[in-house]
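Visitor: This is the structure I have questions about; it appears just below.
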Amino acid sequence: MPGIYLDHASSTPCDPRVFEAMRPFFLELSGNASSPHKQGRQARRAIDQSRDMLASFINALPAQIIFTSGASESNNHAIFSTAQAFKDKGKHIVASAIEHHSVLEPLHRLEQEGFEVSFVKPKSDGIMAFEDIKSALRPDTILVCCAHANNEIGTLQPVEAIGLLCREKSIHFLVDATQTVGHIPVNVKNINCDLLSLSAHKFYGPQGVGALYTRQSSCLPFILGGDQERGRRAGTQNTAGIVGLGEAIKLGQAQMAQDSPRETQLRDRVIEVVLKEISSAVLNGHREKRLPNNAHFSFANINGEELVSALDQANVAVSMGSACTWGRLEPSHVLRAIGLTDPMALGSLRVSVGRWTTEQDIAYFLEQLTLKVSQLKAS
């Protein structure tokens, strides 16, 4: 049987319509967008069209969009440039303790350079408490980092309230929206963020391209060289990838109203059956305040890597959590932060459905999951 893909939180398949939109820029329209000739102008127009589509989707201005290689670069760009631009005002940063590693690692680098970072833990349901963020702020705080939704357990965060607080105190606010853009509405004005990162491969676009929204022009260049992206990110632009990002955004905007309810129904079916049929299972993260396509579990007395491998042998692709940390021996920092013991954290499983997931896919997965858990417990 063909494989069943339930790891959309790691990467979504490229929509065939996105691929078709990209195809000409691989084969016929190969001009450099910085070149003055006809093919260069065609590439530049295509990039501008994608910039317009993305800006419209998140309620931004086209000039506020910087195209990058993905959310990891966008997060690095946002953090390091903000720290450099405002270090004379202060060297204190506040971040949720469950951020993606592309946020955590730059922050740890800044700590080595004399900055102080306050990492705020979420509640046991995976939701950041507004009051805890507020209490962590200081007069010398220059940046707050909080993802729109956690990439492992899928919990949605109160970014609108946090953003309003930061705006009132003139503190820059970075929102990693990698898991939400293209799946739920994302409005930078409602969020009150100064910086927002995203990756195309999380919403049925190509891998290797993303964007950073910057509310103000104070975001310093991260890659130096030419004057691409208004001098904020040098290097020949990935025209085909950017076209794919724009097409994926357009499709996501058109299909969100039908994709989200259907994925929520499939997600809820997974949660209902797993908690009913597998006595050792617990759901990680808030039951309702989560992404429409994400269900994350821990199983007592089960090795998560062995469970993922067993399901892979049954042609079901799932994961324990972030693909960026696969193979590490230590438990997830996210699961530790919400209070799970190390054995329970190591027995985790993330199931993330997508645009083409069917009820039959879910039925087969649930059958195999029950079987594999039973076999692993007996071994």
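The values are calculated or read from the model by the stated rules, or taken from the named source; none is laboratory data. The model shown is predicted, which means the values in this text are computed figures rather than measured ones. Cβ: placed from backbone, ideal geometry, glycine included. Neighbour counts: every protein chain shown. Just the protein is used for accessible areas: all its heavy atoms, side chains included, with ligands, DNA and RNA removed. Shrake-Rupley method; radii C 1.70, N 1.55, O 1.52, S 1.80 Å.
Visitor: Out of the range 159-195, which residues are out of contact with any Ser or Thr (no Cβ under 8 Å at 6 or more places or on another chain), outside any helix (DSSP H, G or I) and either closer than 26 Å to Thr12 by Cβ or aromatic (Phe, Trp, Tyr) (or both)?
Guide: Keep residues of the range 159-195 that are out of contact with any Ser or Thr (no Cβ under 8 Å at 6 or more places or on another chain), which gives 159-168, 170, 173, 179-182, 185, 187-193.
Still in the running and outside any helix (DSSP H, G or I): 170, 173, 179-182, 185, 187, 192-193.
Scanning the range 159-195 gives Phe173, Gln179, Thr180, Val181, Gly182, Pro185, Asn187, Cys193.
Visitor: Also: If you take the residues of the range 218-240 that are within 29 Å of His172 (Cα to Cα) and assigned to a helix (DSSP H, G or I), which of them is most open to solvent (accessible area, probe 1.4 Å)?
Guide: Looking at residues that are within 29 Å of His172 (Cα to Cα) and assigned to a helix (DSSP H, G or I), I get Arg230.
Visitor: Check the range 346-362 and report whether any residue there is surrounded by 16 or more Cβ atoms within 10 Å (Cβ to Cβ), at pLDDT 95 or above, over 20 Å from the mean Cα position of the chain (by Cα) and assigned to a helix (DSSP H, G or I).
Guide: Yes, some residue in the range 346-362 is surrounded by 16 or more Cβ atoms within 10 Å (Cβ to Cβ), at pLDDT 95 or above, over 20 Å from the mean Cα position of the chain (by Cα) and assigned to a helix (DSSP H, G or I).
Visitor: Quick check on my filter: what residues within the range 103-129 are part of a helix (DSSP H, G or I) and either open to solvent by 10 Å² or more (accessible area, probe 1.4 Å) or in contact with a Gly (Cβ under 6 Å, 6 or more places away or on another chain) (or both)?
Guide: Step one: list which residues in the range 103-129 are part of a helix (DSSP H, G or I), which gives 103-112.
Once the filter is applied, which keeps residues that are part of a helix (DSSP H, G or I) and either open to solvent by 10 Å² or more (accessible area, probe 1.4 Å) or in contact with a Gly (Cβ under 6 Å, 6 or more places away or on another chain) (or both), the range 103-129 yields Leu104, Glu105, His108, Arg109, Glu111, Gln112.
Visitor: Further, regarding this structure: Kindly check whether there is at least one residue in the range 133-150 that is farther than 29 Å from Leu340 by Cβ, part of a loop (DSSP other than H, G, I, E, B) and of a type in the set (A, V, I, L, M, F, W, C).
Guide: no
Visitor: List pairs: first residue in the range 240-261 and without any contact (Cβ under 8 Å) to a residue 40 or more places away in the chain, second residue assigned to a helix (DSSP H, G or I) and among the hydrophobic types (A, V, I, L, M, F, W, C) anywhere in the structure, Cβ distance under 9 angstrom, at least six positions apart or on different chains.
Guide: The qualifying pairs do not exist here.
Visitor: Which pairs turn up if I take residues in the range 270-294 that are closer than 23 Å to Pro343 by Cβ and look for partners that are acidic (Asp, Glu) and surrounded by fewer than 18 Cβ atoms within 10 Å (Cβ to Cβ) with beta carbon separation below 6 Å, at least 6 apart in sequence or on another chain?
Guide: His286/Asp125
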